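> Quick one: this structure, given as structure tokens, is what I'll be asking you about.
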Amino acid sequence: MSWIIALLVLSALIFFHELGHYAMARYMGVFVEVFSIGFGKKLFSFKMFGTDWRIAAIPLGGYVKMKGQEDLDPSARSSDDDSYNSKTPLQRIAILLAGPAANFILAFMLYFAIALGSPPAITPIIGEVVADSPAAKAGLKSGDRILSIDTITIETWKEMAELISSTQKPIFLQIERDGYIEQISLTPTLKETTNIFKEKIQRPMIGISSAGKIHTQNLSLSESVVYASEQTYEASKLIFLSVQKLLSGAVPASELGGVVSIVKITSDASSQGWMAILFFAALISVNLGVLNLLPIPALDGGHIMFNIYELITKKAPSEAVFVKLTIAGWVMLLALMSLGLYNDINRLIQ
């Protein structure tokens, strides 16, 4: 059952992405011939608004086929007013951006729903204090709850960690211990640790660990908007960084995951309740938005690149160059998908 939920979530995210393209294309006066969730053999379809809406056999993505848009067959292009390639470069860019934009908007909405549902957070209560650390020398103890840092109120362990890791200057902590409020001053020191990409880095630390206690956050409407905005931004930054690390070799290619990983993660999340499903759905939605903006000719980002070129030079790329780059883009994309699938299978076997 959890795998069915995972496939439904993935299909819904793809649907919203393609719906962004579809809505903007119709707004720009472009006729949409096909709206498909999945590739390959058509399993189910119906006609509405002149468009063939279909579900296909291979659930690895989706596409919107617009009139006059044929990447590998330029002769099939149309100069009619309701065709994609009759529109200006700016109009085409707007259509291309609408898909990723729909994913970011959907992620924001999902994070907003999470915020309204009282999301969990780790309480800033100290578990262990490292011997001879700044925390130990300042007198911090297990069970102390950090209330504020430099007059900034602390609600979660994450907020506390971010403030501490941002400075090597003296900081002033207000803590609660055995029902009493105390003031403590200390200075974070640089220590070697690893980041989420398993890279060794230097980070200001004070030498404490979490007690692992969790509380729910009761956020107001305005706080929920802020929470959703911050989460969408942080997720986008994380995925951009992940792509950068992967391209630079800082993250090995063996870490790349494919659709099986996505389905498995979402499937695992479904066993943890609706909030976990929403969280991973939001993260995957951002992932789809970011990855589709990469300048690979087979993706939205590649087509945006072509249109920017036309906007600057006042002429479209030659048909030969366009077709060759598009084929190269598809080869690159299929290679990445194959590598992701290979890694997925290896993880399942292990």
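The values are calculated or read from the model by the stated rules, or taken from the named source; none is laboratory data. The shown structure was predicted, so the numbers you read here are calculated from the model rather than taken from an experiment. Neighbour counts are summed over all protein chains in view; Cβ atoms, including those assigned to glycine, are modelled from backbone coordinates with ideal geometry.
> Within region 69-78, is there a residue that is assigned by TED's automatic domain parsing to the domain that holds Y22, out of contact with any helix residue (DSSP H, G or I) (no Cβ under 6 Å at 6 or more places or on another chain) and modelled with pLDDT of 85 or more?
Taking every residue of region 69-78 in turn, none turns out to be assigned by TED's automatic domain parsing to the domain that holds Y22, out of contact with any helix residue (DSSP H, G or I) (no Cβ under 6 Å at 6 or more places or on another chain) and modelled with pLDDT of 85 or more.
> Out of all the residues in region 103-117, is one or more at pLDDT 90 or above and in contact with an Asp or Glu (Cβ under 8 Å, 6 or more places away or on another chain)?
Within region 103-117, one or more residues are at pLDDT 90 or above and in contact with an Asp or Glu (Cβ under 8 Å, 6 or more places away or on another chain).
> For region 39-58, does any single residue satisfy the condition of being in contact with a strand residue (DSSP E or B) (Cβ under 9 Å, 6 or more places away or on another chain), of a type in the set (S, T, N, Q) and farther than 30 Å from S224 by Cβ?
yes
> Could you grab the pairs with beta carbons closer than 9 Å, sequence gap of 6+ or different chains, first residue in region 169-183 and without any contact (Cβ under 8 Å) to a residue 24 or more places away in the chain and of a type in the set (A, V, I, L, M, F, W, C), second one surrounded by 14 or more Cβ atoms within 10 Å (Cβ to Cβ) and in a strand (DSSP E or B)?
Within 9 Å, the pairs are I171/I149; I171/L186; F172/S148; F172/I149; F172/I184; F172/L186.
> Oh, and also: Can you name every one of the strands (runs of 3 or more DSSP E) wholly within region 120-238 that holds 2 or more residues which are loosely packed, with under 15 Cβ neighbours inside 10 Å and not charged (D, E, K, R)?
Answer list for region 120-238: 180-186, 189-194, 200-205, 214-216.
> Restricting attention to region 271-291, does a residue exist that is more than 25 Å from H21 (Cβ to Cβ), part of a helix (DSSP H, G or I) and modelled with pLDDT under 70?
Scanning region 271-291 turns up no residue that is more than 25 Å from H21 (Cβ to Cβ), part of a helix (DSSP H, G or I) and modelled with pLDDT under 70.
> I need the full set of residues from region 171-205 which are over 18 Å from D144 (Cβ atoms) and hydrophobic (A, V, I, L, M, F, W, C), in order please.
Selection gives L190, I196, F197, I201.
> Still on this structure, please answer the following. Given (1) of a type outside the set (A, V, I, L, M, F, W, C); (2) in a helix (DSSP H, G or I); (3) at pLDDT 80 or above; (4) under 24 Å from the mean Cα position of the chain (by Cα), where does S338 come up short, assuming only one miss?
Going through the list (1) of a type outside the set (A, V, I, L, M, F, W, C); (2) in a helix (DSSP H, G or I); (3) at pLDDT 80 or above; (4) under 24 Å from the mean Cα position of the chain (by Cα), S338 breaks only (3).
Rundown of residues vs (1) of a type in the set (V, I, T); (2) at pLDDT below 90; (3) more than 19 Å from A131 (Cα to Cα); (4) more than 30 Å from the chain's Cα centre (by Cα), yes/no style:
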position	(1), (2), (3), (4)
G143	no, no, no, yes
T156	yes, no, yes, no
S166	no, yes, yes, no
Y180	no, no, yes, yes
T193	yes, yes, no, no
K200	no, yes, yes, no
G207	no, no, no, yes
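> Is it true that some residue in region 6-20 is aromatic (F, W, Y) and closer than 18 Å to G302 by Cβ?
Within region 6-20, not a single residue is aromatic (F, W, Y) and closer than 18 Å to G302 by Cβ.
> Would you confirm, using the coordinates I've provided, whether I125 is β-branched (V, I, T) and closer than 20 Å to G302 by Cβ?
The answer is no for I125.
> Condition first: under 30 Å from V30 (Cβ atoms) and either in the same structural domain as K315 (by TED's automatic domain parsing) or free of Cβ contacts under 8 Å to residues at least 40 places away in the same chain (or both). Can you find one or more residues in region 146-154 that meet it?
Checked against the condition, which is being under 30 Å from V30 (Cβ atoms) and either in the same structural domain as K315 (by TED's automatic domain parsing) or free of Cβ contacts under 8 Å to residues at least 40 places away in the same chain (or both), region 146-154 yields no hits at all.
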